[in-house]
1. Could you list, in sequence order, all residues of region B:527-541 that are under 37 Å from the mean Cα position of the chain (by Cα) and away from chain A (no Cβ under 14 Å)?
2. Out of the residues in region B:408-427 meeting the condition of being within 13 Å of chain A (Cβ to nearest Cβ) and in a strand (DSSP E or B), tell me which one is nearest to A:HIS49 (Cα to Cα).
3. Looking at region B:542-560 only, could you name the residues that are within 12 Å of another protein chain (Cβ to nearest Cβ) and in contact with a Leu (Cβ under 9 Å, 6 or more places away or on another chain)?
4. Taking region A:332-366, which residues are away from chain B (no Cβ under 13 Å) and touching a helix residue (DSSP H, G or I) at 6+ places or on another chain (Cβ under 7 Å)?
5. Restricting attention to region B:270-293, which residues are closer than 18 Å to B:LEU69 by Cβ and within 13 Å of another protein chain (Cβ to nearest Cβ)?
6. Looking at B:ALA34 and the list (1) within 14 Å of chain A (Cβ to nearest Cβ); (2) of a type in the set (A, V, I, L, M, F, W, C); (3) not in a helix (DSSP H, G or I), which single condition is not satisfied?
7. Among (1) outside any loop (DSSP other than H, G, I, E, B); (2) of a type outside the set (Lys, Arg); (3) at positive phi, which single condition is A:GLN63 missing?
8. Name every residue in region A:435-472 that is touching a residue at least 60 places away in the same chain (Cβ under 8 Å) and polar (S, T, N, Q), in order of residue number.
Number of protein chains: 2
Amino acid sequence: MLSPIQEYLKTLHARYASIMDGHVADYIPELSHADPRLFGICIATRDGHVYEVGDTQHSFTIQSVSKALAYGLALEDRGEEHVLARIGVEPSGEAFNAISLKVGTGAPFNPMINAGAIATCGQVLRKDGLSRIQRILGYLSGFAGRALDIDESIYRSESETGHRNRAIGWLLRNFDIIDEDPNDTLETYFQQCSIRVTCRDLAVMGATLANQGINPLTQKRAIAPEYVDNVLSVMATCGMYDWSGEWVYRVGLPAKSGVGGGILAVLPGQLGIGVFSPPLDMQGNSLRGIRVCTDLSHELALHMLNPAATPRSAVRLAYHGGEVVARRRLPPSAREKLRRYGARIQILALQGGLIFTTFEPVLRRAMQLADAGCLHIILDLRAVVSADAVSLRLIGELRGRLMKTGVRLVICQPGKLKTGLTEVGIPPSSIFATEDAALEVCEDTLLVEVTGVSWRPSGALPLEECALFSSCTPDDLSLLRRELTIRSYETGKFLIIAGEMADEMLVLLSGNVEVQIRGEGHNRQRVDVLTAGMTVGEMAFLDGSPRSADVVALDEVKCLVIPRPWFIALTETRPALKIALLNELTREISARLRQANVEIGALQRG
Amino acid sequence: MLSPIQEYLKTLHARYASIMDGHVADYIPELSHADPRLFGICIATRDGHVYEVGDTQHSFTIQSVSKALAYGLALEDRGEEHVLARIGVEPSGEAFNAISLKVGTGAPFNPMINAGAIATCGQVLRKDGLSRIQRILGYLSGFAGRALDIDESIYRSESETGHRNRAIGWLLRNFDIIDEDPNDTLETYFQQCSIRVTCRDLAVMGATLANQGINPLTQKRAIAPEYVDNVLSVMATCGMYDWSGEWVYRVGLPAKSGVGGGILAVLPGQLGIGVFSPPLDMQGNSLRGIRVCTDLSHELALHMLNPAATPRSAVRLAYHGGEVVARRRLPPSAREKLRRYGARIQILALQGGLIFTTFEPVLRRAMQLADAGCLHIILDLRAVVSADAVSLRLIGELRGRLMKTGVRLVICQPGKLKTGLTEVGIPPSSIFATEDAALEVCEDTLLVEVTGVSWRPSGALPLEECALFSSCTPDDLSLLRRELTIRSYETGKFLIIAGEMADEMLVLLSGNVEVQIRGEGHNRQRVDVLTAGMTVGEMAFLDGSPRSADVVALDEVKCLVIPRPWFIALTETRPALKIALLNELTREISARLRQANVEIGALQRG
């Protein structure tokens, strides 16, 4: 099916394809041969989907677009303060080839003008047996997600005619901004400008910057995360030369253009745009490129200062322990206690990226809950995709504060955030792999707080203490003892196997069992845990459907076996007992259905 | 409980409180009297929570901070192109009081330098019987969320000593940037600079800009949404004079400072910051203010180009019609069909703000589902908080494209987005108030597609076609007819009232009933709909608990009444019938519990 977005890009392409304003760069003959009709538009999303229309696979030289990316390499090689001492970050208000050097230091105003870009080349290290240009080529290839190469004839031409740039190189040498013979730096610069890219490459490079430096196609890191905002900053304030203020005002996307006809634009955190069209305007920017970026910004609402979709509270769902309980069977009395006191356990299910702005409301909410008397707060991080250092620190501080007022903060399903949480002081004993495990511990603690004793049965139960037999007469009980057998299972053995026919129902007399379903792959997911006194496998037994889950012994298990023929015969032989058993079964299943409906209500809220 | 964020701000305040560098502005005597120890820090969130520490309630004059906000008023009065023709948006690279006018036009470089700000004053209209300064004062009060006033002695002093600004005013008159005697404009400008604010006001003003122009305290609009990014753009590129590039690079927050000691900074879409401390640095910016903003940006990771939390796919949950069904009871055969074919109905539950970046993955997902053979796609907008024009347009286009391949797009719970959806071509018949209503229509259509007939019973059912009696013998049936009575209810009458004791259970013979619970306030929430052949009120009847919900007749209803004493007596009088009835009840409740567990699994996924 053709995407409406693809369709829109086709319309946008058609809007400008026939406009032949502007002039192809002609300062070297090789560039002047470019076909002015070539025109490509490409959008790459942060998750690696690429929309493209027109000549998006045509190769051309990257030219000044390379300045922004090579600046990232210089920062990685030398560190921010070292580079800032030699190359400024102020817009110069002058044209791209102006020799704008600061009075006194001789430092170029910014890395986007030629002087700054040549100085940047000079900061790139030779390393690991690689020359500067080899390292720059490798670095830019990381952004593109493929091995780039150099257009040798353009490079020779650039080198032969780059007199003004040579003058800049020697001036930089004069001010010790370049600290060796500048010729090697200059040749590196000419080669860097002659790297061949496509419109699609530019979009992917942009998406890499949008994606905190990880190439969305290869999933490999192209630039250290701490330098992404530096690169985007110089693109935002200096990327379009003396039109930068207006570019921010009208387009609002950090961008860089090149005289080869390329423009790379970035919506930070969201997407990358590549446009290719050789005819240039008076500032040396691709004429169709400027118009396409302006239209894209307006028509898709991409201005970086447009706050239409903004980080919100990370709370995805909030519910309490009276609504959602651990997947395990509790005796009716414990269930009733949880229904009544469960609000003392509060679960905040978080989502998205945790940063100051998304976590601050969580902090407020948690403190309100504590003030309102809750005793356990569970942060469920299952749907959290990232957490920055600030939010991790705040989680650690929140825990400390809550602890002072007797409230326990518990984390579940932290995934790869576990290490970070430990580092901010969350003890491993407060971190659980699943919400179930966290709930179980909080519920057990709460039940002891409320009742003074553990709800867990100790040792084997006599038949009359099993829920199913609670309304049996002494006569019924002796019949059960007489006619039914007791079976034992060792730890890890299967009491029930999914898919089999249900020809018996079991009553646990001692031990614990876990009900499991097979998830994706080979992992097994717990859906219930049952303890002594509870009935196992009654649903399939009653409605005649095959077993829907496995049941595994968690320890030594003893259970009473109720075979189907015996149960059927009961209608004739002892109807009152059968009615008593059916009554108990219905009551139990009804109670679970009520609980499930409460849980569905909580999960669908908000 | 003391918030860790409050605690952090106290630490930050203490870090700089004793540093006495810089000099209080002294170009007029009134400013030079300011106490250099005064120091306040304030953060206002987009939902109106204010963190403050230090002298946040102390009044001082707004000075140049007013330039950014008054620019918004000029844009609202005159429109973007009119203002841009008279005042540029390029950083000048010069100091705040430089007379930077463009060669030829005489237009000031930008509205943040004095020349541009005076020209901006000249663009503000006299209107509705109000003078310019009255309108500016009202406008800024909207940002602060309270009525601001003017410090008359500072104003007089500004006016008496503002010779350089008067020179600028006359130069602007000379170039026809100001088209009348400039004295009124100049007095307006001096008064504007003398408006009294607090540090807290600055933070709330910032939060208003962060919140798309709506003041988070008053919930009133302070600036038209289309001009918010214009104001933020000039703050970002020109707000800190000739230190703007470095400010973006190091701090990354659109900001404006004033010689009164105030700094207003904005993290677009997230929060506003106000800092107040009178001693200034060489550029005329509050010295402590610069340091506080730099630290806040680094320590709370607030750089606007830092993409740590970014808009993600709006899909909050995805499930299908075999997992989640409308809250109504279906006959077992229809339930089985839905279980098997329900995946042809796909529900995408969306969340957050819909913009290009968050909706684009939804579009892709929907097209994949259609390609995979689904026939109905429901977009549940319950948790969507906003949708921009771009995303609405894409929803409309998606519908058109899906329709061509025979797939129906249905929207539910659109809230205030309903009008916008209608405008992009979604017919009202495809928009539903609840997910239940949408699911119901899709399920009914799907069941007809699969079975060829409607599942709904037509007319009254004989007893033997009611589920509860499906295994009764002819003898049982005549007993039921003989011993039980039939009761009728008119439309709107209550069959069952929540809270009452359950002394009977009903079997619907004709008509439909709705099970409702009372939600917050007086609204009633549907939890189930039952049709002829189904049993009503059996759960409370069986377990002896009070009724948990009301049951209301949706049309003329006839039902068979099963009184508790009769049912109890059945154990003695006709045990086989009682066992048959209990078996059916257990089977039905078990089936619903299974369905509920599938639904919980779907809702807890992801």
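1. Our first condition is that a residue be under 37 Å from the mean Cα position of the chain (by Cα); within region B:527-541, this holds for B:527-530.
Hits for region B:527-541 are B:VAL529, B:LEU530.
2. Step by step, filter region B:408-427, then rank; the result is B:LEU409.
3. Once the filter is applied, which keeps residues that are within 12 Å of another protein chain (Cβ to nearest Cβ) and in contact with a Leu (Cβ under 9 Å, 6 or more places away or on another chain), region B:542-560 yields only B:LEU542.
4. Kept after step one, since they are away from chain B (no Cβ under 13 Å), are these residues of region A:332-366: A:333-334, A:337-338, A:340-346, A:348.
Correct list: A:ALA334, A:LYS337, A:LEU338, A:TYR341, A:ARG344, A:ILE345, A:GLN346, A:LEU348.
5. Within region B:270-293, B:LEU271, B:GLY272, B:ILE273 meet the criteria.
6. Going through the list (1) within 14 Å of chain A (Cβ to nearest Cβ); (2) of a type in the set (A, V, I, L, M, F, W, C); (3) not in a helix (DSSP H, G or I), B:ALA34 breaks only (1).
7. (1)
8. Scanning region A:435-472 gives A:THR445, A:THR451, A:SER470, A:SER471.
The values are calculated or read from the model by the stated rules, or taken from the named source; none is laboratory data. Here the structure is a predicted model, which is why all the values come from computation and not from measurement. Backbone-built Cβ (ideal geometry, glycine too); neighbour counts: all protein chains shown.
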